[in-house]
Amino acid sequence: MTTRFERTYSPAEIADRLTGDLARWRHADGAIVRVYRTKDWRGTLLAAGAVAHLAEAAWHHPELVLNYPSIEVRLNTHSANGVTDKDFDLARKIEAVVGWRPGGEGGALEGVPDNVGYILPD
């Protein structure tokens, strides 16, 4: 097995990168962190399943904290002891999938009805 050098980012560099599509993420305790508010436990579990699928496909596994009204996603690269490009890339993919709202983009897919709930908008 080949060991790759993975560049870790300083707190200032991380702050500079948490903009645009990652503006809802923050840097805390050596990880980049995002809390998604959900309507209920079902929404939390559905979001956790989506994140788990993406993480497994990427072979990069976050820490997840599941609560009735939220899921917290914590990303860092344990092998590099810090935040690397892997974390930013997976965060972007999670943001794109978990934050997807088909009803807002037109087309045949309507999206989750308001009375059902899922991931709450920020």
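The values are calculated or read from the model by the stated rules, or taken from the named source; none is laboratory data. Because the structure is predicted, anything quoted here is derived from the model rather than measured. Positions of Cβ are generated from backbone atoms using ideal geometry, with glycine treated the same way; all protein chains shown enter the neighbour counts. The accessibility values were calculated without ligands, DNA or RNA, using every heavy atom of the protein model including side chains. Shrake-Rupley method; radii C 1.70, N 1.55, O 1.52, S 1.80 Å.
Within the range 55-106, the set of residues being within 14 Å of TYR36 (Cα to Cα), crowded, with 17+ Cβ neighbours inside 10 Å and touching a residue at least 60 places away in the same chain (Cβ under 8 Å) comprises ALA91, ILE94, GLU95, VAL98. Using the structure shown, decide if ALA55 is modelled with pLDDT of 95 or more, aliphatic (A, V, I, L, M), more than 16 Å from ASN76 (Cβ to Cβ) and assigned to a helix (DSSP H, G or I). It is false that ALA55 is modelled with pLDDT of 95 or more, aliphatic (A, V, I, L, M), more than 16 Å from ASN76 (Cβ to Cβ) and assigned to a helix (DSSP H, G or I). You will find that of VAL33, VAL73, VAL65, the residue that is assigned to a strand (DSSP E or B) and in contact with a Phe, Trp or Tyr (Cβ under 7 Å, 6 or more places away or on another chain) is VAL33 and no other.
Restricting LEU45, LEU109 to residues that are open to solvent by 60 Å² or more (accessible area, probe 1.4 Å), over 15 Å from the mean Cα position of the chain (by Cα) and either on the phi < 0 side of the Ramachandran plot or not small (Gly, Ala, Ser) (or both) narrows the list to LEU109.
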